[in-house]
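Some notes on the structure that comes next.
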Amino acid sequence: MHASRARSAWDLYRQYSRDVEVNGNTVVSTTISGILYQRSTGQIVNNTVFNAASGTEYSAHIDLGGNETQATVTNNVLYGLNNEAWTLYASRLSNFAASDYNYLFHPYVDNHIAFGPSWTRYTFAGWKAYSGLESHSKTNWFTQLPEETSRGRIFYNPTNAPLTSTWAVDSTWTWTKPLAGQPDVTTLLIENPGG
């Protein structure tokens, strides 16, 4: 690789595909997009994408590109940590068959949703108003300074044995999945202030 080019990797990349379902995956620390549909159709549901776009290029946790792309994007947890990370990107509104019941978190960046060929950046509220999407979706209830360690942690149980955690979960958020007794279950836990 040429020294002037950043290393890059996607996790789930679909191009020129039709009716592809990406369901129940965990994607952690990709250097570019976590889930990318390019000129493809299908469903992106029940996925957790944590710290995608962790490299130096602007990219998204879920990235919908190309005129032909159309996807249903529901019940996903997207948690950004890098300034270059967008939680969600689409090249046009018609890329969405639907998009709702998602958790679009980025405690370090307010404008964490990008849209269009010029990558216009939106806040969560601005995106909802502009797009008419995400009416039941949620965003982070706290912000952090760039020098602060992330309060979000990703945990998973790769075994069939029960696994417990001592991390506290904000009582107003019930979307995290329990780890105990479930193989291949992922949860995102948020550390409470002072906890």
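Extending 7 Å from Cα along the Cβ direction at ASN83 and again at SER131 yields two label points whose distance is 2.4 nm.
Sorting the segments 137-146, 67-76 by their mean number of nearby beta carbons within 10 angstrom, highest to lowest, gives 67-76, 137-146. Close amide H contacts of GLN43 (hydrogens built in the peptide plane, cut-off under 5 Å, sequence separation of 5 or more or a different chain): VAL20, GLU21, VAL22, THR72. Residues of segment 15-118: accessible area per residue at 1.4 Å, in Å²? Averaged over the residues of segment 15-118, the accessible area is 36 Å². In loop segments of segment 37-124 as defined by DSSP, the chymotrypsin sites (Phe, Trp or Tyr not before Pro) with at most 14 further C-beta atoms inside 10 Å of their C-beta are TRP119.
The values are calculated or read from the model by the stated rules, or taken from the named source; none is laboratory data. Since we're looking at a predicted model, the values are computed, not measured. Heads up, the Cβs are rebuilt from the backbone with ideal geometry, glycines too, and the neighbour counts pull from every protein chain shown. Side chains are part of the model used for accessible areas, which takes the heavy atoms of the whole protein and leaves out ligands, DNA and RNA. Shrake-Rupley method; radii C 1.70, N 1.55, O 1.52, S 1.80 Å.
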